[in-house]
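The values are calculated or read from the model by the stated rules, or taken from the named source; none is laboratory data. Just so it is clear, the model here is predicted, and its values are computed rather than measured. Please note: Cβ atoms are built from the backbone with ideal geometry, for glycine as well, and neighbour counts cover all protein chains shown. Remember, those area values only see protein heavy atoms, side chains included, never the ligands or the DNA or RNA. Shrake-Rupley method; radii C 1.70, N 1.55, O 1.52, S 1.80 Å.
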Amino acid sequence: MEAVQTSEIRWWKASRPVDMPEFGAPVQFSIDGVDVEAPAGASILNAATAAGLYIPALCAHPDLPPAGQRRAGDGPSRAGASPLGGAASGVGERGGQTSPGDGGCNLCMVEVEGEEGLRKACSMPVRAGLVVRTQSPAIQESRQASLAKILGPHPHVCLTCPQREGCSRSQCSYGNPQETRCCSIFSSCELRKVSDYIGIPNTTPPYKPAQLPVVLDEPFFDRDYNLCIDCRRCLVACNDVRGVGCLEVKEVETPQGKRTYVGTIAPTLIESGCTFCQACVTVCPTGALMDRTLDPARREESMVPCKSACPAGIDVPRYVQLAAEGKYGEAIAVVREKLPFPGILGRACFAMCESACRRKDLDDPLSIRNLKRIAADNDTGIWREFAKKLPATGKKAGVIGAGPAGLTVAYYLAKQGHAVTVFDAQPAAGGMARYGIPSYRVPAEVIDDEVSEVAALGVEFRYGAKVENVDELFNDGYGAVFVGIGAQGGDKLGIPGDDLPGVVDSPTYLKAVTMGLVNTPEGIQTGKKVAVIGGGNVATDNARSSRRYGAEVDMVYRRTREEMPARLEEFEGCVEEGVNIRYLLAPKKIEPGTNGYRLQITYAKMALGEADASGRRRPVETGEEIVEGVDLVIGAIGQFPNRFEGFGVETDRKGRITVREDSMLTSRPKVYAGGDCVLGPSTLIESVAQGRVAASAMDKALGGDGDISEVLLRDGWETNPRIGRKDGFNTTRKFHPIMLAPEQRTGWDEVELGFDDATARAEAARCFKCNLAPKIAEAVLPPESSLTFDAAAIAAVPAEAGVFQLLDGDKNVLMIKGVENLREGLMEQLERGGEATNFVFEEAAMFTSRESQMIQAYLQQYGKMPGGGSDELDDLF
């Protein structure tokens, strides 16, 4: 029977005999009459799976040694022997007790012609001429007897229940106690699927609750030892493969006699030295170990959330772990595979990766942005060896705006061989990175260095060139144009007096700061007191900049610190530099000033009411007002893109250009857009990400293949899967970068100075190495029979009520539908066409109820509707 394995089938190095350094030459033999070839030394189980033939096994796993090769920690680990990275020696450095678990699950028994009795497929090596049978009455009897022993001390009443599908297991129609029922992963449980395949014998003893520990209050992992079947996969994964050694075999007395299970060596995960690498959870075949933080609909993304959170798709774990080894040149090569401006983003990225970092649920997230920065500051240039630069194509592309999005487009299009010209109205490139972020955060020389990399590709820059009509560019022979003009307009405060002299918006003020036009005869005058209205990161930039001109600065926010959107480090910078942060105040009107002040501002005192659409409590006026003198009012409450009719593109009501997300193409052919002019005020990394999408699409429009990818680190470096035991690892708190002392922050010197080498390595070493978990192969599951989705197969389906499932070529469920007539319902779907290649069905008189049960089970397992959802089903659920 065909085995179901969603990951790539490979020869399991973990199954090689301990005393055999390498697999031997291929040998030929047969399994169930099928001619099979496998390397000498491979197990029958491994060979069968590689040939697509299923043999049940619960203790076996593609990346773990079989039970027969697991010793009690009495031999050295064979590092690198498993694809998961580890050893073939058994139960590990800890946990040497013996138990029935040492003998394995005994479900993989097979018959070998010429040999008496049954043999374990997981531990018997192949040899030429073997004739193996995986099915016979004796094999079935043996497997069922072994399964009964496994299920006896495990809750299993739901496995034989006629109403099991779609049941929540929170209530039972038959009154079975909660502790005897199966757990929440019933629909995806490996033990359940193997039991269904073998068949549960009537001799299976009823489960008697053992009252083993259930731990639900520790970081990440829920542990219910009552569900442990002592397969010891987790033990080997933790102790031998990862080398962490925080698990051991426990033996206790229960109403059914002695019971063994795998638990932690100390009362808690922290005390046991757990590194939270997820290996134990990933290989567990039951619900005994579960990671409550994972999203079943986004399993891999939630396993490695830092990488999936990065808009540019940078391989965050890889460069962090390279930084931990002090390999900064290699780390920046990884970053540059997706990001042309690591120096800028190492200082000014909002670091969505840090917000997503799994370590934050233990103590503090990693300082990922600062690790990018130290790598950029110590760039050895090794990435240049494999940097792409294709031959000239003779095609021209125009970029309007030299901000992060536009520079990204120019960078990648030039690498694709196109002639690129960047037009910008300002005297230098950088966009909001230069004119919207103060130089104490991102020094101008850092921007200049990274812009020079773009220019070195042959990109032409035309400064002081304001383009308001793209027809001019098309008439000059440009084949595609990118609009990246940013969001340079600042929202007005919307109160009387917001147009008085001395009232400015944030973009205007920060641009003046960068260009040296503050407190000059023709520039903006701060006076002795500045009021910055707003509570976000832009407001903190305005406030801290104003302090550098010697002004007293109030940053006025209408809510409280709890609702303030400014990042913690920006808020702390304000406090350290003497900004007065004032809460629960909102400007009501601005008038000409008195008593030596240029302006007079009236504030309404606020109180917090009910939550608004943002989830924050809505500020409401209390009826009290205060009036104060001020010399400059800066509105930092929002920004918008300027409209240019000459672009000929559609915009929304806020002036943002409307684009297709998959290409950044606007409503006008050959015109693309991205960055803040599409997103509104956003982040540098989001602009870079949109620039990459646009560059790929524009390359295709110019005749290229759209492939802008690069592999800049080719030394074969991969995360070492053997983590090892690290005392204090899970209690080491976040390291902080070196900061310029507050009393020294009188000018524009960079405030955050980053890590020194030792601190950077220590901070990077806090990484959980979450990227290892998705590399663990999925367990091989029993076959699921299905029929070919064609007229001949449908003709044999009964014309009765029931439920059918349509499957694609990878056996993913596309549809679950209950119908009065199965044959007619299937024919109707066949005539509609689609991706379905196979189907399964079952008769059910109460087909609507059965459909609901099956959909609920699917939702529970995958967190989404079959096929991604449909209007009909979305309305129903």
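Some points to look at:
- Note on the stretch 650-808: Kirkwood radius taken over Cα pairs, Stokes-Einstein applied at 37 °C and 0.692 mPa s, translational D equal to 141 µm² s⁻¹.
- Cβ-Cβ distance of K811 and T508, R₀ of 45 Å, FRET efficiency by 1/(1 + (r/R0)^6): the value works out to about 0.15.
- As a calculated quantity, the FRET efficiency between E271 and Q211 at R0 = 22 Å, using C-beta atoms, amounts to about 0.45.
- Per residue, the chain exposes an accessible area of 42 Å² to a 1.4 Å probe, with every protein chain left in place.
- With a 1.4 Å probe rolled over the protein heavy atoms of all chains, the accessible area of M827, M846, M606, M698 falls in the order M846, M827, M606, M698, largest first.
- Stretching D749 away from A297 to a fully extended chain increases their span by 158.1 nm, per 0.36 nm per residue minus the current alpha-carbon distance.
- Taking each of K360/K492; K338/K389; K466/K511; K120/K811; K120/K258; K338/K360 in turn, the alpha-carbon distance tops 27 angstrom for K360/K492; K120/K811.
- Extreme residue, positive dipole direction of the stretch 147-244, given options P162, S188, S173 (C-beta unit charges): P162
- Relative contact order for the stretch 292-355: 32 percent, from Cα pairs under 8 Å spaced at least 6 residues apart, divided by residue count.
- Shown for the stretch 730-851: the carbon plus sulfur share of the solvent-accessible area, taken with all protein chains present and a 1.4 angstrom probe, equals 50%.
- The charge dipole of the stretch 355-443, taken about its Cα centre with unit charges on the Cβ of Lys, Arg, Asp and Glu (plus for the first two, minus for the last two), comes to roughly 260 debye.
- A helix-only calculation puts the chain at -7000 deg cm²/dmol for mean residue ellipticity at 222 nm, using -39500 (n - 2.57) for each DSSP H run of at least four residues, averaged over all residues.
- Under 29 Å from K817, Cα to Cα: lysines that are on another chain or at least 8 residues apart: K193, K864
- Dipole magnitude of the chain about its Cα centre (Cβ charges: Lys, Arg +1; Asp, Glu -1), debye to nearest 20: 1260 debye
- Each of P438, F571, A611 was scored by the projection of its Cα onto the charge dipole of the chain, and the greatest displacement toward the positive side belongs to F571; charges sit on the C-beta of Lys, Arg, Asp and Glu.
- The aspartates and glutamates whose alpha-carbon is closer than 18 Å to the alpha-carbon of K775, local same-chain residues fewer than 8 away aside, are E8, D63, D240, D291, D295, E300, E301, D315, E718.
- Each of V252 and F474 was given a label point 7 Å from its Cα along the Cα-to-Cβ line. The distance between the two points is 7.5 nm.
- Assuming charge only on the beta carbon of Lys and Arg (+1) and of Asp and Glu (-1), the dipole of the stretch 556-672 about its Cα centre is about 500 debye to the nearest 20.
- Put E301, E472 in order of accessible area, highest first, and with a 1.4 Å probe you get E472, E301.
- Heavy-atom accessible surface of the stretch 543-687: percent carbon and sulfur, 1.4 Å: 46 percent
- Ligands, DNA and RNA left out, the accessible area of the stretch 342-488 computed with a 1.4 Å probe is 49% carbon and sulfur.
- With DNA, RNA and ligands ignored, accessible area of I185 (1.4 Å probe; Å², nearest 10): 40 Å²
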